[in-house]
Amino acid sequence: MWKNIFTPKKDISKTLYWGAGFTTFLIFLGTWCLLSYGGFVNPLFLPTPDKVVVTAIELFKSGEIFGDIGISFSRVFFGFMLAAIIGVPLGILMGTLRFMEGAFEPIIGFIRYMPASAFIPLFILWIGLGETEKMAVIFFGTFFQLTLMVMDVTKNVQNELIEISYTLGAKKFQLFKSVILPASLPGIVDTLRITFGWAWTYLVVAELVGASSGLGFMIMQASRFLQPEKIIVGIMIIGILGLITDLIFKVIYRKSFGWMRKDGV
Amino acid sequence: MGYNVNAQHKLVIDQVGKVFTTKSGEVVALDRTSFSVNEGEFVTILGPSGCGKSTILRVVAGLEEPTTGQVFMDGKKVIGPGPDRGMVFQSYSLYPWLTVEENIVFGLKLKGISKKERKDIAKHYLQLIGLEGFDKHYPIQLSGGMKQRVAIARALANDPEILLMDEPFGALDAQTRAIMQEILLKVWEESKKTILFITHDVEESIFLGDSVYVMTARPGRLKQNIKVPLPRPRDYQVKSSKEFLTLKSELLELIREESLKAVTS
Ligand SMILES: Nc1ncnc2c1ncn2[C@@H]1O[C@H](COP(=O)(O)OP(=O)(O)O)[C@@H](O)[C@H]1O
Ligand SMILES: [Mg+2]
């Protein structure tokens, strides 16, 4: 059972693998229990685990949390969708046409280092405090990275595949549709999975100012009213939602790209 | 001493030279080279690594512009890649997201040939290359030899005027390579295509070709043209015949001088 435990890159038994992950989790939980039940930390800052669970159950029972989840999800979803709808085609064009790369790479490479949160005052000035502003923050937080990542994926399409296509009679448009797009699709789906994860992390920032609903807003309110258990529930829900969307993308990937595996579809 | 554009020549290479401009200066990849290929002929080009063999083929394919000279295909000047010149690379370059059958009819689909007709053509070529029953497989599930047979079928299914092959069996083991040579000869006799085939393997150049062009070390030039008087159809036993072995030692001598130059220069 303990075989290969310190051998680099060697496989270990499944039990050991899962056991290790479970143990880490237990240690984390144990430390939390020790600190909270043991009275080492003021409950105003760190609630006990059972209080968090009870709060979560209450929030779901009363149903008020569903509204927050819904509104937050729609902000993340539509902000991200907009980023993807513009970013994917733009990234593909930048990865294939040197002209498009020359035109957009410098400016996107520059803007992506500007923190999305710092633009909030500007967004408020331009588009007010409504839903659009929240989505704009999500959009801003993901669009530039997403575009550059799609560009890289597209650039990595093998040149010989493109040359072969020309000798088979492909015209320029056919080359995009029948070669470059399908060849980059797995990389694009993977890019969307990763950047959707980032979109969730921008949620609280987006709901920091001028929001009256949503998980981020709930977290801010809880902080104001000294309810750390509610903060923790909010954080966990965001984490779980992120995990679920990640899983959905992974399933799509597995189902769509059977040709990448030796055992087929 | 340029070539006159002559109607009976399928392919005319007239004073073609290529200089690459790199950061470290100019590289003469190919000296002015002229030769022609007749309709239905199987011509092999033999030369040490780096002598400009791929460059010639890429210029003929229209994937590279010559620095000097020009190429005529059926009397028409080559200005870019086109479906009249099919290509097979050493690295197979199959579309990994398409099945074997879809790979074979890729060019036909671009041309807008009907689904039924595509199916029939695919069937014919699957049989010709001995891969019946593999039509629904993906490239990742095939061995190297099988992949290269699919690449050959894909090029032929498009019905090109000439087939350009750049060391197509270079990545295969010796046994598979020998079998592939026989399969190729069978396919050639059946399809009556004109073939320009590049190799650095002396035996391969004789076994396949009607005539062998030997190239000098870089900068590449044609050194000699040797006719192969062996009768057709040929099978592997011809490789141990006296005529074959005489030709082989003659060519080995020629290529040895050039390989030595290539190694020591
Ligand atoms: N795109 C390129 N840029 C610069 N040099 C090149 C390029 N392609 C080929 N060469 C050089 O030209 C020479 C001939 O190359 P190539 O035709 O590929 O040779 P072969 O196929 O006979 O091995 C080599 O020295 C190679 O390094
Ligand atoms: Mg080469």
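The values are calculated or read from the model by the stated rules, or taken from the named source; none is laboratory data. Quantities reported herein were computed from a predicted structural model and do not represent experimental measurements. All Cβ positions, glycine included, derive from the backbone under ideal geometry; neighbour counts span all protein chains shown. Just so you know, the surface numbers come from the protein's heavy atoms only, side chains and all, with ligands and any DNA or RNA stripped out. Shrake-Rupley method; radii C 1.70, N 1.55, O 1.52, S 1.80 Å.
Observations on the model:
- Of the residues B:Gly62, B:Gly17, B:Gly69, the single one that is of a type in the set (Gly, Ala, Ser), closer than 30 Å to B:Ser259 by Cα, in contact with a Ser or Thr (Cβ under 7 Å, 6 or more places away or on another chain) and surrounded by fewer than 22 Cβ atoms within 10 Å (Cβ to Cβ) is B:Gly17.
- Lone qualifier among B:Arg149, B:Arg118, B:Arg154 - being within 11 Å of another protein chain (Cβ to nearest Cβ) and in contact with a helix residue (DSSP H, G or I) (Cβ under 8 Å, 6 or more places away or on another chain): B:Arg154
- Scan of region B:42-58 for residues that are more than 13 Å from B:Phe89 (Cα to Cα) and either within 12 Å of the chain's Cα centre (by Cα) or near ligand 1 (Cβ under 6 Å from one of its atoms) (or both), ordered by number: B:Phe42, B:Val43, B:Thr44, B:Ile45, B:Leu46, B:Gly47, B:Ser49, B:Gly50, B:Cys51, B:Gly52, B:Ile56
- Scanning region B:74-91 for residues being out of contact with any Pro (no Cβ under 7 Å at 6 or more places or on another chain) and either more than 9 Å from chain A (Cβ to nearest Cβ) or not in a loop (DSSP other than H, G, I, E, B) (or both) gives a total of 7.
- Test: A:Thr15 is among the polar types (S, T, N, Q) and surrounded by 11 or more Cβ atoms within 10 Å (Cβ to Cβ): no
- Residue within region B:22-41 that is among the polar types (S, T, N, Q), farther than 30 Å from B:His137 by Cβ, modelled with pLDDT of 95 or more and within 16 Å of ligand 1 (Cβ to nearest atom) present: no
- Residues of region B:199-220 that are part of a loop (DSSP other than H, G, I, E, B), more than 12 Å from ligand 1 (Cβ to nearest atom) and farther than 14 Å from B:Met165 by Cβ: B:Asp210 alone.
- Selected residue [more than 21 Å from B:Asp166 (Cα to Cα), open to solvent by less than 40 Å² (accessible area, probe 1.4 Å) and not in a helix (DSSP H, G or I)] from B:Leu98, B:Leu108, B:Leu94, B:Leu126: B:Leu98
- At least 2 residues being within 27 Å of A:Gly239 (Cα to Cα) is the threshold, and among the helices (runs of 4 or more DSSP H) wholly inside region A:39-149 those reaching it are A:49-62, A:64-96, A:120-127.
- Of the helices (runs of 4 or more DSSP H) lying entirely inside region A:152-265, those containing at least 1 residues that are within 14 Å of chain B (Cβ to nearest Cβ) and in contact with a strand residue (DSSP E or B) (Cβ under 8 Å, 6 or more places away or on another chain) are A:159-167.
- Residues that are surrounded by 13 or more Cβ atoms within 10 Å (Cβ to Cβ) and acidic (Asp, Glu), drawn from region B:20-34: B:Asp31
- Scanning region B:16-65 for residues that are more than 16 Å from ligand 2 (Cβ to nearest atom) and within 14 Å of another protein chain (Cβ to nearest Cβ) turns up B:Gly62, B:Glu65.
- Here B:Gln141 clears all of (1) farther than 24 Å from B:Pro231 by Cβ; (2) open to solvent by 10 Å² or more (accessible area, probe 1.4 Å); (3) away from chain A (no Cβ under 12 Å) except the condition numbered (3).
Listed here are the residues, each with its yes/no results for (1) over 13 Å from the mean Cα position of the chain (by Cα); (2) farther than 26 Å from B:Lys76 by Cβ.
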position: B:Phe106; (1), (2): yes, no
position: B:Lys119; (1), (2): yes, yes
position: B:Ala122; (1), (2): yes, yes
position: B:Gly130; (1), (2): yes, yes
position: B:Ile140; (1), (2): yes, yes
position: B:Met146; (1), (2): yes, yes
position: B:Ile152; (1), (2): no, no
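- Matching residues, region B:72-90, being within 18 Å of B:Asp14 (Cβ to Cβ) and either within 15 Å of ligand 1 (Cβ to nearest atom) or aromatic (Phe, Trp, Tyr) (or both): B:Phe72
- Qualifying residue in region B:178-197 (condition: within 14 Å of ligand 2 (Cβ to nearest atom), open to solvent by 10 Å² or more (accessible area, probe 1.4 Å) and outside any helix (DSSP H, G or I)): no
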